[in-house]
Structures are given as C-alpha cells and as structure tokens.
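Read the structure below first, then the notes.
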Amino acid sequence: MVKIEDLKRINLLKDFPEHLLEIIANEAQLSIFGTGTQLMTFNEPVNTFFMLTMGQVALKRELTPKVDVILENIQSGASFGSCSTIKDTAATYTAVCQETCEVISLSGIRIKQLFKENDELAYRMMFGVAQQYKRHLDTRAQMIIKTLDKNPELKKDVEDLENLTLVI
Amino acid sequence: MVEKDVLKKINFLKELSDPILEKVGAIAQLETFDEENILFRQNQEQTLLYMLVSGKVFLNCRSASGESLTLDEVSPGRTFGVSALLGESSSTFTAICVEVSKIITLSGAQMHLLFEEDFQVGCTMMRKVIDLFKARMEMHTRQFLYSLARHPDII
C-alpha cells in the first residue's frame with residue numbers, strides 16, 4: 001500500500017479522481033532499488049507497471065554485445081512498463097536504475113483484473129498511456145524532422161516518413 | 001450523423017462493435033472539402049478528428065529553416081488529427097486536401113463526453129490507439145538501432 005500523496009506525484013495519475021487513486025493505493029507497493037538494478041529485461045515478459053517517484057531509470061537496448069543505446073532516461077514522475085497493463089507482451093527495452101530509485105509498482109496481473117472490474121479506471125489509465133505514447137512519438141518526429149532539415153541528403157534513405165504523422 | 005456502413009470504411013473503426021459505431025456515428029459528420037482546402041495548420045488549435053472516406057489529403061510540416069516537407073499522402077480509410085482525440089489541442093502538421101475529399105469529422109470534445117458517459121467505449125478506442133502507437137514506436141526504435149549499426153561513426 002502507498003499513500004495517495006505519493007501517487008499524485010506521478011504524471012499519469014495527476015488528474016485521477018480520488019476514488020480511483022484509493023484503489024491504486026491499495027494495490028501498489030513502494031520500493032527502493034539500488035544503482036544498476038534491472039527492473040525490466042528486453043524480450044522478457046513484463047509483469048509490473050512502474051512509476052518513478054525518485055531517481056533516474058535508463059531504458060536501453062543492446063546495439064552490439066559491447067554497446068548499449070539509451071533510448072530514454074526516465075525521471076521522477078514518469079512511468080514505464082505500461083504494456084503489463086494491456087496484454088502479455090515482451091519488454092521492448094531493458095530498464096536499469098541509474099541511481100538509487102524510489103519506485104511505485106503495480107502487478108500487471110492485478111491491474112488487468114481491476115480493469116475488468118472498473119471501466120473508469122481502465123479508461124483513465126488507457127487514456128494516460130495513449131497520451132504518453134503520442135508525446136514520445138511527437139518528440140521523435142520533431143527530432144527526425146530537425147535532423148533531416150540539417151542533413152537533407154539523408155532524406156533519400158528515409159522510406160517511411162509517413163510513419164511520423166500518426167495517421168492511423 | 002454518419003451511418004455505420006460509412007464508418008466501417010475507416011480502418012480505425014471497422015472492428016468496433018455496432019453499438020459503439022452507433023454512438024460514434026451519432027456525433028460524427030460527413031463533410032465534403034474542396035481541393036486546396038486547409039483542414040488545420042501546424043501548431044494551431046486542433047479540435048477535430050478526421051477520417052478520410054474518399055479523396056486525398058497531404059500532411060505537410062514546415063521545418064525550422066522554413067522548408068515545407070510532405071510527410072504523408074493520406075488515402076481513404078485512414079484517420080488523422082489524433083491530437084484532438086487525446087485532448088492535446090496543438091496540431092503537429094498542416095493538413096490540406098489535394099482532391100475534393102469526403103471526410104468524417106468528429107469533435108474531440110464530443111468524443112471525450114462520449115468516453116466519460118461510457119468508459120467501455122473510451123477504453124476500447126484508447127486500446128486501439130495504444131496498439132497502433134506502440135507498434136510504431138517499436139518500429140522507430142528498430143530503424144534507429146539499424147541506422148546506428150550501419151553508421152557506427154555516429155556513436
């Protein structure tokens with residue numbers, strides 16, 4: 001169990017009504033993880049939804065056995081592992097604590113059960129996760145457009161510009 | 001109001017159940033836009049979700065240097081303007097009709113009202129959006145890693 005005040009520090013939950021925060025608070029756990037702790041592993045099942053209240057977590061992928069690429073550094077207030085709340089899928093990145101981290105975690109199995117019992121909870125979580133994905137995709141699109149603007153010779157190598165537009 | 005048969009031509013909607021389509025259809029409008037009609041501009045407020053039934057729409061973006069780049073040619077069956085659906089009003093691109101186009105429009109605000117009245121509808125729609133965005137995100141990541149592997153000098 002965690003305090004509602006702690007949940008309110010999470011971006012995804014900041015507009016959640018009190019009655020939903022109470023449900024989440026009863027299910028969630030607050031944990032401290034040391035530097036280097038691996039919270040998720042690429043290609044392995046994601047069973048937990050993580051919300052970072054303190055510290056920094058790197059989301060990375062292996063490029064070569066000697067080189068890892070950091071896709072994103074997660075800061076306090078952000079969340080990751082959202083696919084654990086939707087269906088049983090494998091992780092698309094490895095998540096590693098870059099420093100001592102305070103993390104609120106929710107069991108994926110439990111939250112999927114709660115979604116079946118509470119449509120409002122399911123909708124508000126899904127809405128927040130969709131917004132997160134859109135912001136990430138918009139940021140990537142802006143980065144790619146900026147890069148193409150500075151290096152127009154790269155345009156010929158980009159075959160799927162249309163995927164930047166979020167047309168569905 | 002837009003009939004179910006027309007809504008089912010839209011990829012994003014075609015797998016939805018008839019009761020959900022009826023609710024969406026009740027707040028949707030089918031409009032015809034002339035060639036060169038600008039539906040929305042980059043960085044301006046965007047309040048509508050667009051679903052192309054016939055015709056063609058270009059999505060353009062102006063870079064920091066002022067160059068215009070056509071990112072996508074939207075063909076019938078596809079949906080654009082998802083900022084309105086996700087409660088984010090600023091548009092990332094400019095949308096312009098390059099042919100006379102029949103388009104279903106849905107007010108983002110009315111969609112939210114529908115979602116608030118019926119959380120199951122909202123949840124179903126959001127799951128579809130997440131599935132599509134998640135797949136696209138993973139595709140970007142794979143391409144990014146592939147490019148880095150081909151150009152190790154960047155690292």
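Go through A:112, A:116, A:60 for me and flag whichever is free of Cβ contacts under 8 Å to residues at least 12 places away in the same chain and within 14 Å of chain B (Cβ to nearest Cβ).
None of the other options fit; the residue is A:116.
Just to be sure before I move on: is residue A:4 within 24 Å of residue B:116 (Cα to Cα), among the β-branched types (Val, Ile, Thr) and buried (at least 20 other Cβ atoms within 10 Å of the Cβ) in the structure I sent?
Taking the combined requirement at face value, the residue does not satisfy it.
Restricted to the stretch A:89-109, and to residues that are touching a strand residue (DSSP E or B) at 6+ places or on another chain (Cβ under 6 Å) and part of a loop (DSSP other than H, G, I, E, B), which residue is nearest to the other protein chains (Cβ to nearest Cβ)?
A:93
Go through the stretch B:119-130 and report how many residues are more than 7 Å from every other protein chain (Cβ to nearest Cβ) and either in contact with a strand residue (DSSP E or B) (Cβ under 6 Å, 6 or more places away or on another chain) or closer than 15 Å to residue A:131 by Cβ (or both).
Summing the residues that are more than 7 Å from every other protein chain (Cβ to nearest Cβ) and either in contact with a strand residue (DSSP E or B) (Cβ under 6 Å, 6 or more places away or on another chain) or closer than 15 Å to residue A:131 by Cβ (or both) in the stretch B:119-130 gives 2.
With the stretch B:1-108 as the region, which strands (runs of 3 or more DSSP E) entirely inside it contain at least 1 residues that are at the interface with another protein chain (Cβ under 10 Å from one of its Cβ atoms), under 21 Å from residue B:130 (Cα atoms) and under 12 Å from the mean Cα position of the chain (by Cα)?
Those strands (runs of 3 or more DSSP E) span B:48-54, B:68-74.
When both residues are 6+ apart or on different chains and their Cβ atoms are under 6 Å apart, which pairs have a first residue that lies in the stretch A:86-97 and is in contact (Cβ under 8 Å) with a residue 60 or more places away in the chain, and a second that is part of a loop (DSSP other than H, G, I, E, B)?
Taking only residues 6 or more apart or on different chains, the pairs are A:97/A:35; A:97/A:37.
Given the criteria in contact with a helix residue (DSSP H, G or I) (Cβ under 8 Å, 6 or more places away or on another chain), in contact (Cβ under 8 Å) with a residue 12 or more places away in the chain and of a type in the set (S, T, N, Q), does residue A:105 qualify?
The answer is no for residue A:105.
Any residue in the stretch A:21-38 that is part of a helix (DSSP H, G or I), under 19 Å from residue A:127 (Cα atoms) and in contact (Cβ under 8 Å) with a residue 60 or more places away in the chain?
yes
Residues checked against (1) in contact with a Cys (Cβ under 8 Å, 6 or more places away or on another chain); (2) among the small types (Gly, Ala, Ser); (3) crowded, with 22+ Cβ neighbours inside 10 Å; (4) touching a residue at least 60 places away in the same chain (Cβ under 8 Å):
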| position | (1), (2), (3), (4) |
| --- | --- |
| B:90 | no, yes, no, no |
| B:101 | no, yes, yes, yes |
| B:109 | no, yes, no, yes |
| B:124 | no, no, no, yes |
| B:128 | no, no, no, yes |
| B:131 | no, no, no, no |
| B:135 | no, yes, no, no |
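Where the second residue is small (Gly, Ala, Ser) and crowded, with 21+ Cβ neighbours inside 10 Å and the first is touching a residue at least 60 places away in the same chain (Cβ under 8 Å) and lies in the stretch A:124-139, which pairs have Cβ atoms under 6 Å and are six or more apart or on separate chains?
A:129/A:82
Do we find that residue B:68 is surrounded by fewer than 20 Cβ atoms within 10 Å (Cβ to Cβ), out of contact with any Leu (no Cβ under 9 Å at 6 or more places or on another chain) and under 21 Å from residue B:110 (Cβ atoms) in this structure?
Taking the combined requirement at face value, the residue does not satisfy it.
If residue A:52 meets every condition in (1) assigned to a strand (DSSP E or B); (2) surrounded by fewer than 19 Cβ atoms within 10 Å (Cβ to Cβ) apart from one, which number is that one?
For residue A:52, the failing item is (2).
Suppose we filter the stretch B:71-88 for residues that are closer than 27 Å to residue B:115 by Cα and surrounded by fewer than 22 Cβ atoms within 10 Å (Cβ to Cβ); how many remain?
The total comes to 5.
Which one is surrounded by the most Cβ atoms within 10 Å (Cβ to Cβ), of the residues in the stretch B:143-155 that are in a helix (DSSP H, G or I) and more than 9 Å from chain A (Cβ to nearest Cβ)?
B:146
Within the stretch B:72-88, how many residues are without any contact (Cβ under 8 Å) to a residue 40 or more places away in the chain and farther than 21 Å from residue A:135 by Cα?
Of the residues in that region, 3 qualify.
No value in this document is a laboratory result; all are computed from the given coordinates. These figures come from a predicted structure and were not determined experimentally. Neighbour counts are summed over all protein chains in view; Cβ atoms, including those assigned to glycine, are modelled from backbone coordinates with ideal geometry.
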